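Take a look at the structure below.
The values are calculated or read from the model by the stated rules, or taken from the named source; none is laboratory data. Just so you know, these numbers come straight off a predicted model, no measurement behind them. Cβ coordinates were reconstructed from backbone atoms using ideal geometry, including for glycine residues, and neighbour counts include every protein chain displayed. Note: areas computed on protein heavy atoms with side chains; ligands, DNA, RNA excluded. Shrake-Rupley method; radii C 1.70, N 1.55, O 1.52, S 1.80 Å.
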Amino acid sequence: MLAVSAVSGIVQLIVSGILVSIALGSFFYVALVEILPTELNKISSLKLLILKLVLIFAGWSIMALIAKWT
């Protein structure tokens, strides 16, 4: 019975990892292909473009740190 429980735990981790990877890939696709180009095309000055890019990078960095902690 213990072997079945251990296998079940491993399978659960693998399936969870696959589903999270699919969700993350979908999120990146929508963010990079759908949202970012329209947002970056609205910018009228170079300062605003740099500010938006810095804030995008900061947001992704914060999310990466949160993911690292969990």
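In vacuo Debye scattering of the chain, one point per C-alpha: log10 I(q)/I(0) at q = 0.15 Å⁻¹?
Result of the Debye calculation: -0.69.
Using a probe of 1.4 angstrom, how much of the accessible area of the chain is carbon and sulfur, in percent? Each step should come with its number before you reach the end.
Numbers: 4830 of 6140 Å².
Carbon plus sulfur share of accessible area: 79 percent.
So, for the chain, what is the accessible surface per residue at a probe of 1.4 Å, expressed in square angstrom?
On the way: 6140 Å² over 70 residues.
Per residue, the chain has 88 Å² of solvent-accessible surface.
Rounded to the nearest 500, what is the chain's calculated 222 nm mean residue ellipticity when only DSSP H runs of at least 4 contribute -39500 (n - 2.57) each, over all residues? Please list the in-between numbers first.
Values: 3 runs with 58 residues, N = 70.
Value at 222 nm, helices only: -28500 deg cm²/dmol.
Using alpha carbons only, how many degrees (0 to 90, rounded to 10) separate the axis of helix 2-29 from the longest principal axis of the chain?
Here the helix axis deviates by roughly 10 degrees.
Report the calculated FRET efficiency for THR70 and LEU36 (r = Cβ-Cβ distance, R0 = 30 Å), to the nearest 0.05. It would help to have the intermediate numbers written out before the result.
Working: r = 26 Å, r/R0 = 0.85.
Rounded to the nearest 0.05, the efficiency is 0.70.
Where a Cα-Cα gap under 28 Å defines reach, which lysines qualify for LYS68, not counting those fewer than 8 residues away within the same chain?
Here the lysines satisfying the reach criterion relative to LYS68 are LYS52.
Residue by residue through region 42-50, what is 3J(HN,Hα) from phi via Karplus (6.51 cos²θ - 1.76 cosθ + 1.60, θ = phi - 60°)? Round to whole Hz and write x for glycine and proline.
Residue by residue, region 42-50 yields 7, 7, 9, 10, 5, 4, 5, 4, 4 Hz.
Work out how much length SER26 to VAL54 would gain on full extension: take 0.36 nm times their residue separation and subtract the Cα-Cα distance, in nm to one decimal. Walk me through the intermediate numbers first.
Values: separation 28, 0.36 × 28 = 10.08 nm, distance 2.28 nm.
So the chain would gain 7.8 nm between SER26 and VAL54.
Are there trypsin sites (Lys or Arg not before Pro) in region 30-68 that DSSP marks as loop and that have at most 10 other Cβ atoms within 10 Å, and which are they?
Working: sites: LYS42, LYS47, LYS52, LYS68; in loops: LYS42.
Answer in residue order: LYS42.
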